[in-house]
Every structure is written in C-alpha cells, then in structure tokens.
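Notes to accompany the following structure.
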Amino acid sequence: MKAVLFDLDGTLFDTAPDFVVVLNELRQQEQLPPLADNTIREVVSNGARAMVRLGFGVDEGQTGFDQLRERLLDLYLAHLAKHTVPFPGIEKLLNQLAEYGIAWGVVTNKPSAYTIPLLQAFAHLPTPGAVICPDDVTNRKPDPEPILLACSRIGCEPSEAIYVGDHVRDIQAGRAAGMPTVACSYGYVDSGDDPENWNADHLIHDASEIWPLIQQHYLNKP
C-alpha cells in the first residue's frame, strides 16, 4: 500500500452546504422558492449541469442553460469553502496516512479552477501527492486515465493504491485502472441508487472506517 486516492465532493469534503447556498441564491434571483437541502445534496456529485437541471428544469442545449450554469459557477467560486468541511474522520485519516508514509491524492471531475482553491483553503492538511482534475486529462472518470495519471505522479502502481468514491463512476474508474475500490455510502448518492450494486471491493458508511479497513486488508498490521 503506497497511496490512497479520493474523489473530492461527497468523499473527501462535504461541499454540498456551499452548493445549497449558491443554487438557492440563484433560484431566488429567478424568483423561485428554495429547494430542500437533501434534494440538492443528491446531485452534487453530478456537477453544475445536474444542479442547473434540478434547479431550473432546463437541459443542456436548451435556451438559458449555459447562462444559468455560468452564473451558478460564478456564485460558487465566490462562495468556495465558506461552509465546506472534511467529512468526519477524514482529517484524522490523512494524518494517519502521513504517519505511515502512505501518499494520498485527489482524482475528481471537478475542474481545477475550483478544486485547487478549495484544497488551498485546507492547507493545514497533509499535502496531497497528486491532484488530478478533468483539465489534466483527455478522458474523465469513469475512464481510468485520471487515476492512472495520479499513480504515475505519486510513483506507484495501481495495484499499490486504493480508490475511494461516492459514485458508481468512481468504482468503475478504479476497477478499470486495476486497483481495489471503496464505495462510500455517506456521500452524495442519488436517490434510488445503492452503493452495494457498484461492485466495489469494500463498502463503508463512515470515513472513520477507512483506516481500519486499510490496516486489516492492506497493511497486515494490528
């Protein structure tokens, strides 16, 4: 075990509170009532396009979609990391990995314009060995390319790492890269979806379960 790679939104950080604020602020600007927090949380992992579809009932290619998406992203950039926090157990986990000399990294479909400032807001955490965003690669998850690039930058084989994510595409990408995968039920799982059906190697319900899992299955240490 040389590295643990994470999805960002819904796995490493709880970014939904900021998206709830900005999507409802945009709806208010359009004279629409606010949506429930949980309704928004379910689609955060699917990105800004999904939130525009949810918030305004328009799809990509329809009139007004691109403008709403740009306004949403502008609001989000201005509101970045105001309410976002690491999920409970993540900060302790990253410190434990550092103590064992295990690298960690981020592989996300979130563009670097938002990912990098977000990570910089948590500069007190151990430094990641790799941060891979869609603008770093040709193919984004569920393609394995970004995960393989992260392994290359860290200096490990895929079999020497695990990938942790809260969406089926995360598990598909990790499996395609040839590494063990961990599905997170605590993340932004779509209504009606079931992480047990993603064919991950492991399923966890809390981030505090990750370190014991690593110790039991990948370190062979008590």
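The values are calculated or read from the model by the stated rules, or taken from the named source; none is laboratory data. Keep in mind that what you see is a predicted model, and the values were worked out from it rather than measured. As a convention, Cβ positions derive from the backbone with ideal geometry for all residues, glycine included, and neighbour counts pool all protein chains shown. For the accessible areas, the whole protein counts, side chains as well, though only heavy atoms, and no ligand, DNA or RNA atoms are used. Shrake-Rupley method; radii C 1.70, N 1.55, O 1.52, S 1.80 Å.
Of the residues in the stretch 188-197, how many are surrounded by 20 or more Cβ atoms within 10 Å (Cβ to Cβ) and assigned to a loop (DSSP other than H, G, I, E, B)?
Of the stretch 188-197, the ones surrounded by 20 or more Cβ atoms within 10 Å (Cβ to Cβ) are 188-189, 195.
Retained after the next criterion (residues that are assigned to a loop (DSSP other than H, G, I, E, B)): 188-189.
The number of residues fulfilling the criteria is 2.
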Does any residue in the stretch 8-37 that is on the phi > 0 side of the Ramachandran plot come within less than 7 Å, Cβ to Cβ, of a residue that is surrounded by 16 or more Cβ atoms within 10 Å (Cβ to Cβ) and of a type in the set (A, V, I, L, M, F, W, C) six or more places away or on a different chain, and which pairs are these? 10/44
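Among the residues in the stretch 99-117, are any touching a Lys or Arg at 6+ places or on another chain (Cβ under 6 Å) and outside any helix (DSSP H, G or I)? Lay out the reasoning, then the answer.
Keep residues of the stretch 99-117 that are touching a Lys or Arg at 6+ places or on another chain (Cβ under 6 Å), which gives 109.
Pick out the ones that are also outside any helix (DSSP H, G or I) and you get 109.
Yes, the stretch 99-117 has at least one match.
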Quick one: how many residues across the stretch 135-159 are more than 22 Å from residue 96 (Cα to Cα) and open to solvent by 20 Å² or more (accessible area, probe 1.4 Å)? 13
Reported set for the stretch 109-125 where residues are open to solvent by less than 30 Å² (accessible area, probe 1.4 Å) and in contact with a helix residue (DSSP H, G or I) (Cβ under 6 Å, 6 or more places away or on another chain) is 125
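Closer than 22 Å to residue 169 by Cα, open to solvent by 20 Å² or more (accessible area, probe 1.4 Å) and either of a type in the set (Val, Ile, Thr) or not in a loop (DSSP other than H, G, I, E, B) (or both): is that true of residue 49 in this structure? Before you say what the answer is, go through the steps one by one.
Working: closer than 22 Å to residue 169 by Cα: yes; open to solvent by 20 Å² or more (accessible area, probe 1.4 Å): yes; either of a type in the set (Val, Ile, Thr) or not in a loop (DSSP other than H, G, I, E, B) (or both): yes.
Taking the combined requirement at face value, the residue satisfies it.
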Identify, from the list 41, 27, the residue that is charged (D, E, K, R) and either in contact with an Asp or Glu (Cβ under 6 Å, 6 or more places away or on another chain) or at pLDDT 95 or above (or both). 27
